[in-house]
Amino acid sequence: GFCSSNSIFYSKRKPLPLPPNNALDVTTFISSRAHRATTAFVDAATARRLTYTQLWRSVEGVAASLSVDMGIRKGNVVLILSPNSIHFPVVCLAVMSLGAIITTTNPLNTTREIAKQIADSKPLLAFTISDLLPKITAAAPSLPIVLMDNDGANNNNNNNNIVATLDEMAKKEPVAQRVKERVEQDDTATLLYSSGTTGPSKGVVSSHRNLIAMVQIVLGRFHMEENETFICTVPMFHIYGLVAFATGLLASGSTIVVLSKFEMHDMLSSIERFRATYLPLVPPILVAMLNNAAAIKGKYDITSLHSVLSGGAPLSKEVIEGFVAKYPNVTILQGYGLTESTGVGASTDSLEESRRYGTAGLLSPATQAMIVDPESGQSLPVNRTGELWLRGPTIMKGYFSNEEATTSTLDSKGWLRTGDICYIDNDGFIFIVDRLKELIKYKGYQVPPAELEALLLTHPAILDAAVIPYPDKEAGQHPMAYVVRKAGSSLSETQVAPYKRIRKVAFISSIPKNPSGKILRKDLIKLATSK
Ligand code: AYL
């Protein structure tokens, strides 16, 4: 029978063993599950390998250097601005091992966007690569920088902000007089940025407890009797990539082949070359794989692949069915979650579960749900549609120095409002049917409409504006703007990262709003998609 009481839905997965000792950081938790014999990371471009032994040695060296040479202490924030690389996890793990906080940002972000995040999170130090040096120095002219690539150091010795290279730090003697501070599970570990249900991006405060629980969920999710080889092409700066490739999977001894960014040919040839077995993706890449299935199978040997995971945005029934038909030997799995739930809130575990087409899966272990009617605030039973609320050990502590956003998203009993419209069926499977929150998802990336609206309003010719999602087969959604003009003039689109660019504009005489001034987005979405 279905397990629910007081309209709370409980997880049907095997319960999670959570470590009882309070004094524990996520890095220690992961590294204590030693898998020293195997390869942790492979750089897809150079085939350079990092064994688990080398990984943990580097993490200890970087942590010692952060502590002794740079004075980084518990609670200090450290920024990483980097594409995926085999060094990215080393930086994250070292920072978190000290009880310091890692904040990540999208390398595509503009100087203006990065400056905003720096002003909010106040990092004491940044890790970056030489290609991104101009961006970060423009965003924060006096922020000390560690270079993650050695070539860069030789070519940039006139940049006074560079304090070290990652390579030097990794070689530091770990037994050096590192200042050992006690790290508690409730201490903050990560600060990732998300717009949540409304407004601009905010820092999501996740604790070591949140991440440790997520490590356990990731381990339970991939039944790994044998060693798996994963392809990492989703970004590590995002919660999806971070919980898999910079933390969770390292506790299983998996091998991770790292691509610096997504590129179809590189991804497919890496599967062939490294005999990869497991491929976590966002929906647009699955759509592309489906549309080019014949050419792909003719050109690449991807027979080693047994599972593809789709997460971060909805995947249509048609694409799932098409994918299953075109790649019959590959199990397609679903993952649903939020930055605010520190990753996976629900997932499917087998082809059989995924074949309940359209489901996001069963609740993660130890995770509870309610379906709440947005009108009445009542929790609803099975098969009724409302807003999904989540509770459990992975739910964030709150938004960073933003009491107002925190209290409107997390209630006093620990429930997180996801802003997703869902129902839960008789067997406990979650179906996501719509989004209550403003968020636009372009190729899995977050695009907060409020940021684009604020930007549009800075234009002298614009009186008012509203930004909504516009459906797109390949990208999932595009940002579309409704604009009320003052006088004829052209718009600038270059003040935001390319993934946030408005791809469709319509002019309107006034923006529909409710009496309190809130934009009636649903009316505009209806208007935009009605023709
Ligand atoms: P954020 N189906 C439909 N919508 C989804 C799905 C999905 N499978 N996953 C995420 N979303 C939407 O913070 C939904 O609206 O994290 C949700 O509220 O960038 C929003 O995206 C959250 O966006 C995984 C799988 C982590 C997923 C994730 C979370 C990534 C998205 C690890 O293995």
FRET efficiency, residue 525 to residue 227 (Cβ-Cβ, R0 35 Å, nearest 0.05): 0.15
Two-site FRET efficiency, residue 484 against residue 373, from Cβ-Cβ distance with R₀ of 30 Å, rounded to 0.05: 0.35
Can you compute the radius of gyration and Dmax for the range 1-129, using only the Cα atoms, both in Å? 18.6, 59
With charges set only on the Cβ (+1 for Lys and Arg, -1 for Asp and Glu), what does the dipole of the range 228-353 come to about its Cα centre, in debye to the nearest 20? 340
Each residue of the range 233-242 in turn: what ³J(HN,Hα) in whole Hz from Karplus with 6.51, -1.76, 1.60 and θ = phi - 60°, glycine and Pro shown as x? 10, 6, x, 6, 6, 9, 4, 4, x, 4
Within the range 472-487, which residues have the backbone N less than 20 Å from the label spot 7 Å out from residue 291 along Cα→beta-carbon, could you tell me? 472-480
Residues of the range 243-261 with backbone N under 19 Å of the label point set 7 Å from the Cα of residue 14 along Cα→Cβ are 248-254
Go through 171/397; 14/299; 326/437; 317/413; 202/473 and tell me which ones have a Cα-Cα distance over 32 Å in this structure. 171/397; 14/299; 326/437; 317/413
How big is the gap, in Å, between the Cα center of the range 105-129 and the Cα center of the range 370-390? 37
Residue 385 and residue 317 label points (each 7 Å along its Cα→Cβ direction) are spaced in nm at 1.3
Toy charge model, Lys and Arg Cβ at +1, Asp and Glu Cβ at -1: the chain dipole around Cα centroid in debye, rounded to 20, equals 500
In deg cm²/dmol, rounded to 500, what helix-only [θ] at 222 nm does the chain give when every DSSP H run of at least 4 residues adds -39500 (n - 2.57) and the total is split over its residues? -7500 deg cm²/dmol
How far apart, in nm, are the 7 Å Cα→Cβ label points at residue 263 and residue 32? 4.2
Lysines whose Cα lies under 16 Å from that of residue 135, excluding same-chain neighbours fewer than 8 positions away: 116
Value of relative contact order over the chain, rounded to a whole percent, pairs C-alpha under 8 Å and six or more apart: 14
A chain fully extended from residue 73 to residue 356 at 0.36 nm per residue, minus the present Cα-Cα distance, gains in nm 97.1 nm
Kindly list the residues of the range 73-102 that lie in the label zone of residue 122, defined by a backbone N under 18 Å from the point 7 Å along the Cα-to-C-beta vector. 73-80, 100-102
What residues have an amide H closer than 5 Å to that of residue 464, excluding those fewer than 5 places away on the same chain, when H is modeled at 1.01 Å from N in the peptide plane? 484
Can you pull the three principal axis extents for the Cα set of the chain, in Å, largest first? 64, 59, 54
Applied in sequence order to the range 70-78, the curve 6.51 cos²θ - 1.76 cosθ + 1.60 (Karplus, θ = phi - 60°) yields integer Hz couplings, x standing for Gly and Pro, of 10, x, 6, 10, 3, x, 6, 9, 10
Label-point separation in nm, residue 138 to residue 329, each point 7 Å along Cα→Cβ: 4.8
The aspartates and glutamates whose Cα lies under 12 Å from the Cα of residue 486, excluding any fewer than 8 residues away in the same chain, are 464
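Where a number appears in this text, it was derived from the coordinates with a stated rule and is not lab data. Values in this document were obtained by computation on a predicted structure and should not be read as measured data. Glycine also receives a Cβ, built like all others from the backbone with ideal geometry; neighbour counts cover every protein chain displayed.
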